[in-house]
Amino acid sequence: MLKKGTKLYSILTGSCPRCHEESMYVNKNPYAIGELFKMHERCSHCGLKYKIEPSFFYGSMYVSYGVGVAFAVAAFVISFLFLGLNLVNTFFAIVVTLVVFMPIIIRLSRNIWINLFVKYEPQELREAS
Ligand SMILES: [Zn+2]
């Protein structure tokens, strides 16, 4: 379903945005909280430096706002419209959703952020140029 070569693949799997061959993260599991922000320095496959400039990933906070809103809206739709909870419980459902999915939201934002700057270049293409 998810094919290498699409930005979505890199965003959802957290793989290197240039070659899609390996994970950018030391620990792929975002719920290993102690290692949530631990990323490899470079891709061992294509040599891409993930931290393009100092504090590059601070920018991902803008993205995480959008991603957070998307999760909140999803939580709202599910709890208010589908489960028929009242507004107070819906509010709590949204808060719980944001807390529970926080590691995923943070990682997704980083993945989206770096994918805005780096585009997919498979091995063959890079060798040709
Ligand atoms: Zn790579």
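The values are calculated or read from the model by the stated rules, or taken from the named source; none is laboratory data. It should be emphasised that the depicted structure is a prediction, and the values quoted were computed from it without experimental measurement. Reconstructed Cβ throughout: ideal geometry from the backbone, glycine too, with neighbour counts over all protein chains shown. Remember, those area values only see protein heavy atoms, side chains included, never the ligands or the DNA or RNA. Shrake-Rupley method; radii C 1.70, N 1.55, O 1.52, S 1.80 Å.
Of note:
- Flag for Ile106 being open to solvent by less than 70 Å² (accessible area, probe 1.4 Å), touching a residue at least 60 places away in the same chain (Cβ under 8 Å), farther than 21 Å from Lys3 by Cα and of a type in the set (Val, Ile, Thr): yes
- If you go through the range 26-36 and pick out every residue that is without any contact (Cβ under 8 Å) to a residue 24 or more places away in the chain and open to solvent by 40 Å² or more (accessible area, probe 1.4 Å), you end up with 6.
- Among the residues of the range 85-101, not a single one is in contact with a strand residue (DSSP E or B) (Cβ under 9 Å, 6 or more places away or on another chain), part of a helix (DSSP H, G or I) and in contact (Cβ under 8 Å) with a residue 24 or more places away in the chain.
- All conditions but one from (1) within 14 Å of the ligand (Cβ to nearest atom); (2) within 19 Å of Ile112 (Cβ to Cβ) apply to Val67; the one that does not is (1).
- Residue match in the range 81-89 (condition: crowded, with 17+ Cβ neighbours inside 10 Å and of a type outside the set (Lys, Arg)): no
- Among the candidates Ser23, Ser10, residue that is within 22 Å of Arg126 (Cβ to Cβ), loosely packed, with under 15 Cβ neighbours inside 10 Å, modelled with pLDDT of 95 or more and in contact with a helix residue (DSSP H, G or I) (Cβ under 8 Å, 6 or more places away or on another chain): Ser23
- Residues (within 16 Å of the ligand (Cβ to nearest atom) and part of a helix (DSSP H, G or I)) located in the range 1-11: Lys7, Tyr9, Ser10, Ile11
- Residue in the range 109-124 that is in contact with a Ser or Thr (Cβ under 8 Å, 6 or more places away or on another chain), surrounded by fewer than 16 Cβ atoms within 10 Å (Cβ to Cβ) and free of Cβ contacts under 8 Å to residues at least 40 places away in the same chain present: no
- Of the residues examined, Val96 is one that is modelled with pLDDT of 95 or more, more than 16 Å from the ligand (Cβ to nearest atom) and open to solvent by 60 Å² or more (accessible area, probe 1.4 Å).
- Pick from the range 18-59, criterion more than 12 Å from Ile114 (Cβ to Cβ) and assigned to a helix (DSSP H, G or I), ranking: nearest to the ligand (Cβ to nearest atom): Glu35
- Of all positions in the range 47-69, none carries a residue that is among the β-branched types (Val, Ile, Thr), at pLDDT 95 or above, open to solvent by 30 Å² or more (accessible area, probe 1.4 Å) and over 21 Å from Leu12 (Cα atoms).
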